[in-house]
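Each value in this text was obtained by applying a stated rule to the coordinates, not by laboratory testing. Remember, predicted model here, so these are calculated numbers, not experimental data. All Cβ positions, glycine included, derive from the backbone under ideal geometry; neighbour counts span all protein chains shown.
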Amino acid sequence: MNLIQEIKRLKEEKDALILAHYYQRDEIQDIADYVGDSYYLSKIAMDSTQKTIVFCGVKFMAESAKILSPDKKILFPNLDAGCPMADMATEEKLIELKKQHPNAKVVAYINSNIDVKAHSDVCVTSSSAMKIINNIKEEEIIFLPDKNLGSYIAEQVPDKKFILWEGFCITHAKVRKEQIEESLKAKPSAKVLVHPECEKNIRDMADFIGSTGEIIDYAEKDSSTDYIVVTESGVIHEMKKRCPSKNFYVPKVTMTCLNMKKTTLEDVYNSLKNDTYEIKIHEDMRLKALNSLQQMHLLSK
């Protein structure tokens, strides 16, 4: 059986749409109808005519798609593909923190689970966070779950007080300053492109800091030819597609998100064939979480 052909056949037969995050395996990106970051993919799902969406990413992404598209069938091919950073923020601890800071606005990175979104005032992406926080009138901000993205924003918005959650991305935490220095010795003219989920000493080495999509766009438009890409290595696949004449290097560390790589072609095939696994959300919870995503739209204008 040719899995790729069978996936294409089932997709047509079931009028389904396959979405894949930039960090997915190369072969998953190649069979997807759209590849992008999590919120972009959720919007594609919401605006699509297809009623069945196969979401290849990690669980909070499929949840976000279901929050925005309650009438669609959102299939998540591998239930084990979670996000350790999202799991670092819990509903109970957030409720307690809100009691300690009653005047604070709760800002949740979209990389969070649905119960956390339900107790948050607004969600942000790594690309929209700065604009949204500048549009918030409250001076006190509870930012979760990523302390690194939160501290990066706090550096740019000194007039607000940030209460940062002690969460982080285990993949972006792997890289060390010495590894980038070693890469620069080998490629001294290379520009360093860094995701804001990295720690401050890594961000301080960057020629450019941005979201996954912004990093890809920067490399596409920039005049240089060599880049050290300091984010999950799956993004290199799209960068090579868009910029075949440029060279992309990763620091000498395995910047691979094991959860993002759990989804296989066989998972996608089984998901389409058997409708596994469908994301289901209680309507009360969905509506609470929906508010934080709707506020993201309003405050990012």
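For the chain, modelled as a GNM with alpha-carbon contacts under 10 angstrom, which of Leu184, Leu19, Leu144 fluctuates the most?
Leu184
Please work out the FRET efficiency for the pair Glu138 and Lys185, using the Cβ-Cβ distance as r and a Förster radius of 41 Å; give the result to the nearest 0.05.
0.35
Just want the answer: with Cβ charges of +1 for Lys and Arg and -1 for Asp and Glu, which residue in Leu68, Gly234, Ile180 is farthest toward the dipole's positive end in the chain?
Farthest along the dipole direction, towards plus: Ile180.
Summing -39500 (n - 2.57) over the DSSP H runs of n ≥ 4 in the chain and dividing by its residue number, what mean residue ellipticity at 222 nm do you reach, to the nearest 500 deg cm²/dmol?
After summing the helix terms and dividing by residue count, I get -12500 deg cm²/dmol.
Stretch Asp217-Glu283 to full length: gain in nm at 0.36 nm per residue minus the Cα-Cα span?
Taking 0.36 nm per residue and subtracting the Cα distance, the gain is 20.1 nm.
For Thr225, Thr263, which order do you get if you count the other beta carbons within 10 Å of each Cβ and list the fewest first?
Final ranking by Cβ density, sparse to dense: Thr225, Thr263.
For Lys174, list the aspartates and glutamates whose Cα falls under 19 Å from its own Cα; do not include residues on the same chain fewer than 8 positions away.
Asp87, Asp146, Glu166, Glu182, Glu197, Glu199, Asp204, Glu232
Checking a compactness column here: for segment 215-301, what do you get for Rg(Cα) / (2.2 N^0.38 Å), N being the number of residues?
The reported ratio for this selection is 1.57.
Order of Thr171, Thr90, Thr49 from fewest to most other C-beta atoms within 10 Å?
Least to most surrounded, the residues fall as Thr49, Thr90, Thr171.
Straight-line reach from Lys185: which lysines have Cα under 18 Å away, leaving out those fewer than 8 places along the same chain?
Lys177, Lys252
For Asn201 and Asp30 in the same chain, what is the full-extension length gain: residue separation times 0.36 nm, less their Cα-Cα distance, in nm?
Between Asn201 and Asp30, full extension yields 58.1 nm more.
Using only C-alpha atoms and all pairs of different ones, pull out the Kirkwood radius for the chain in Å with one decimal.
19.8 Å
What does the convex hull of the Cα atoms come to per residue for segment 172-249, in Å³?
Convex hull of Cα atoms, per residue: 77 Å³.
For the chain, build the charge dipole from Cβ charges (+1 Lys, Arg; -1 Asp, Glu) around the Cα centre, then report which of Cys169, Cys198, Leu3 sits farthest towards its positive end.
It is Cys198, whose Cα lies furthest towards the positive end.
Say each of Ile4 and Ala173 gets a label point 7 Å from the Cα, pointing the same way as Cα to Cβ; how far apart are those two points in nm?
Result: 3.7 nm between the two label points.
Kindly provide the Kirkwood hydrodynamic radius of segment 28-178 in Å, to one decimal, from all pairs of distinct alpha carbon atoms.
The answer is 16.4 Å.
With a 10 Å cut-off between alpha carbons and a GNM built on the chain, which of Ser224, Ser151, Ser42 moves the most?
Per the Cα network of the chain with a 10 Å cutoff, Ser224 tops the list.
Under a point-charge model restricted to the Cβ atoms of Lys and Arg (+1) and Asp and Glu (-1), what is the dipole moment magnitude of segment 1-87 relative to its Cα centre, in debye to the nearest 20?
The dipole magnitude comes to about 240 debye.
To two decimal places, what compactness ratio does segment 100-246 give when its Cα radius of gyration is scaled by 2.2 N^0.38 Å?
1.13
Could you put Ile28, Ile163 in order, starting from the residue whose Cβ has the fewest other Cβ atoms within 10 Å?
Ile163, Ile28
Averaged over every viewing direction, what's the projected area of the C-alpha convex hull for segment 2-63? Give it in nm², one decimal, please.
Averaged projected hull area, Cα only: 4.0 nm².
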